[in-house]
Amino acid sequence: MQEHVILVDINDQKIGLMEKIEAHEKALLHRAFSVFIFNEKGELMLQQRAASKYHSPLLWTNTCCSHQRDGESNIKAGRRRLQEEMGFVTDITEVFSFIYKAPFDNGLTEHEFDHVMIGKYEGTPNLNKEEAASYKWMPLADVKKSIEKNPEIYTEWFKIIFYKSYEKLTHG
């Protein structure tokens, strides 16, 4: 089954649908979301992407991210993907959105109108190994230091989101 993304304009208004890989090959703006899950200590759950991912394999990133399906709300999409990738569901809240563009070495480009959501969770995830190789909890200050010291071990979009939203995440 081919996955489609929702093409949008700069105001996040739907202008069409396109197969996911084609949209990434053409670097077209499309709707996406990024979920950041925190525990009660304020630590962020990071995901290490599976080795089989078509881009950014084995890199560390936010708890989960993906694309909304046509007609699916941002929150419903975030909760669905959290279950599919990390094996749990929790309440999430959208905190902001922004547009970014990140080209990859394989010729694909993420050009996304990204809806950033946060939530809290205290349990142990049940990882889908086709999506996530591992996970870890880290305080935001330690994530920031690690990105500065070893930027190559993090996904491009995570670094962009993290730097654009550090204050919003720490006060989210």
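The values are calculated or read from the model by the stated rules, or taken from the named source; none is laboratory data. Not measured: the values here are computed from a predicted model. Note that each Cβ is placed from the backbone with ideal geometry, even for glycine, and that neighbours are counted across all protein chains shown. Each accessible area value is taken on the protein alone, full model and side chains, heavy atoms only, with ligands, DNA and RNA left out. Shrake-Rupley method; radii C 1.70, N 1.55, O 1.52, S 1.80 Å.
Some points to look at:
- Scanning segment 40-54 for residues that are open to solvent by less than 40 Å² (accessible area, probe 1.4 Å) and in a loop (DSSP other than H, G, I, E, B) yields Gly42, Ala50.
- Segment 142-155 residues that are under 19 Å from Cys65 (Cα atoms) and in contact (Cβ under 8 Å) with a residue 60 or more places away in the chain, paired with ones that are open to solvent by 100 Å² or more (accessible area, probe 1.4 Å) and part of a helix (DSSP H, G or I) (beta carbon under 8 Å, 6 or more apart): none
- For first residues located in segment 55-79 and assigned to a loop (DSSP other than H, G, I, E, B), partners that are buried (at least 18 other Cβ atoms within 10 Å of the Cβ) and of a type in the set (Asp, Glu) and lie 6+ apart or on another chain with Cβ distances below 8 Å form the pairs Ser56/Glu156.
- Residue within segment 148-165 that is at pLDDT 95 or above and of a type in the set (Gly, Ala, Ser) present: no
- Close pairs (8 angstrom Cβ cut-off, 6 or more residues apart or separate chains): closer than 15 Å to Gln83 by Cβ in segment 117-130, acidic (Asp, Glu) and not in a loop (DSSP other than H, G, I, E, B) anywhere: Met117/Glu94; Leu127/Glu85; Asn128/Glu84; Asn128/Glu85
- Some residue of segment 17-28 being open to solvent by less than 70 Å² (accessible area, probe 1.4 Å), more than 20 Å from Ala102 (Cα to Cα), not β-branched (Val, Ile, Thr) and not in a strand (DSSP E or B): no
- Some residue of segment 23-34 being under 23 Å from Pro139 (Cβ atoms) and either touching a Ser or Thr at 6+ places or on another chain (Cβ under 6 Å) or touching a residue at least 24 places away in the same chain (Cβ under 8 Å) (or both): yes
- Residue among Glu85, Glu110 that is in contact with a Cys (Cβ under 6 Å, 6 or more places away or on another chain), open to solvent by less than 20 Å² (accessible area, probe 1.4 Å) and within 27 Å of Asp142 (Cα to Cα): Glu85
- All positions within segment 138-152 that are surrounded by 15 or more Cβ atoms within 10 Å (Cβ to Cβ), in a helix (DSSP H, G or I) and not hydroxyl-bearing (Ser, Thr, Tyr): Leu140, Val143, Lys144, Ile147
- On inspection, Lys101 passes the criterion of being of a type in the set (D, E, K, R), farther than 17 Å from Trp137 by Cα, outside any helix (DSSP H, G or I) and in contact (Cβ under 8 Å) with a residue 24 or more places away in the chain.
- From Ile92, Ile37, Ile99, residue being open to solvent by 20 Å² or more (accessible area, probe 1.4 Å) and aliphatic (A, V, I, L, M): Ile99
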